[in-house]
Structure formats: C-alpha cells, structure tokens
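Notes follow once the structure below has been shown.
The values are calculated or read from the model by the stated rules, or taken from the named source; none is laboratory data. Quick caveat: nothing in here was measured; it's all calculated off a predicted structure. Note that each Cβ is placed from the backbone with ideal geometry, even for glycine, and that neighbours are counted across all protein chains shown.
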C-alpha cells in the first residue's frame, strides 16, 4: 500500500522511465507477473476492488484520480503506461487529461472512454457476453467466471478450455474477486478520450490478439486511424489477455516500444 492510497502494488526500481502496467477488468496485477520488462523500473497495482486492494468505502473515487496520484507519488518523470482492456482505457484517460505524465502508451485491446457502443455480429460473442452479464447481476459468481473465461481467456471463436492449467486457475481467482467486489462497476471517470484521440502527441503501440472479439479488432483499426503516428503490433494465437497466454510476447513488445521511442 502507498501512504495515501489503499492500493496493493509492486514497485521494482530500475533504469529509464517507469513502466506502469494496468490490468483488465477481469484480472489484477498478477496478470503481468511474467510480462514485466527486464531492464526497466516497473509498477503494477490492483485497482480498488481488484486483487488485494479493498473496494472503496464511503465517498466517491475514480481510477483516473488514483493513478494520477500514484504517478505523482512514485514516478520521477513521464511514465510509460501499458494497459490491457479496461486498463488500456485508463491509460488513454491519463494521456488525454494529463499528457505531461505520460511518455508513451502500449495498448492491448483497450477500452476507450466516450467511444460509441461497439457493434458485434458474432452470435457466440453476444451469447457469452449476455449470459456472463446476467450471471453477474444474479450474483452467480461461479457461472459468471466460467463464462468470462470462455469469452476473454479462450476467445469467443475458440474451443472451451483452450487455455487451461495454472493460467485458467489464476484467471478464475482474479475474476472471482472482481465479481465478488463488483469492481468493474465502480470508479470510472468521464474523460471522453474518444473525442480527444487526435490530441495525442506521444508514441502509441496498439495490439489486439487475433483470437479476441471481432468488435475489439475493429476498435483497434479505428484507433490506428485516429491516433497520430500510432503503430500496430501483432499478437498471434492469443485472445483478450495476452500477458497471461504469452507473457514473453508482451514483454518483448513493451521492451521494444520503450527502447525505440
């Protein structure tokens, strides 16, 4: 925990700019364990309600305010933000509201605040998403986690259980905590990054696994077209959570982005 924020974190000193890795809405900081760049200072933390960070008590909060405060406390200069899914959306929110804090972005299938509702026409994706949401609303954590695993870990077009073993068990533990705390429903800021993508003036790398949902593939194309100078990276053979499936691939991607900026 930091002195002023109730956030569980791991901070590893090192050379160069700080690299902050921001987890998705179905994982926590453990998702980055195998993907940390070897030769850089790194920071991972659990947002409120995820992992070992307790849900917010009384009073309002935003993940955006938390991250900006954390960067002010830990970083000694602009930091690289690496974000997956909801974590990517948080990285974009910081980049458009406080660009002086950000050296560059690596975005893995990112959410985008203020973006239009996505259009998805794959029936299996729609079915899994609707059933997972219904299970979560009903408080059936076990069912919601299993459906999330099929959608986000296996990928909607892949066989059930494509990703198994310790990785699947870790996913179930992380997602279960998020569901029990209803963490994905809290802490969002109205930054409207979508309308400000053209303002970004920093290195941006975008990647979405080729087994991920179709609407996220499309969203990546839209972001590449709207963010000046953004470049694409490939994530073959993985779905929505590449740092769990191919931590080596993500680690290399981040190291190359920071090194070549």
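Side notes on the structure shown:
- If the condition is being part of a helix (DSSP H, G or I) and closer than 21 Å to residue 168 by Cβ, then region 217-247 contributes 242, 243, 244, 245, 247.
- The residue of region 60-89 that is modelled with the highest pLDDT, among those that are part of a helix (DSSP H, G or I) and more than 18 Å from the chain's Cα centre (by Cα), is 69.
- Subset of region 15-38 (residues that are closer than 16 Å to residue 71 by Cβ, more than 15 Å from the chain's Cα centre (by Cα) and either modelled with pLDDT under 95 or surrounded by 24 or more Cβ atoms within 10 Å (Cβ to Cβ) (or both)): 16, 17
- Residue among 144, 134, 149 that is surrounded by fewer than 18 Cβ atoms within 10 Å (Cβ to Cβ), without any contact (Cβ under 8 Å) to a residue 60 or more places away in the chain and in a helix (DSSP H, G or I): 134
- Filter result for residue 92 (over 23 Å from residue 13 (Cα atoms), touching a strand residue (DSSP E or B) at 6+ places or on another chain (Cβ under 8 Å), crowded, with 20+ Cβ neighbours inside 10 Å and at pLDDT 95 or above): yes
- Being without any contact (Cβ under 8 Å) to a residue 24 or more places away in the chain and either in a helix (DSSP H, G or I) or surrounded by fewer than 23 Cβ atoms within 10 Å (Cβ to Cβ) (or both) is a property that residue 139 has.
- No other residue among 100, 117 is assigned to a helix (DSSP H, G or I) and either surrounded by fewer than 20 Cβ atoms within 10 Å (Cβ to Cβ) or at pLDDT below 95 (or both) apart from 100.
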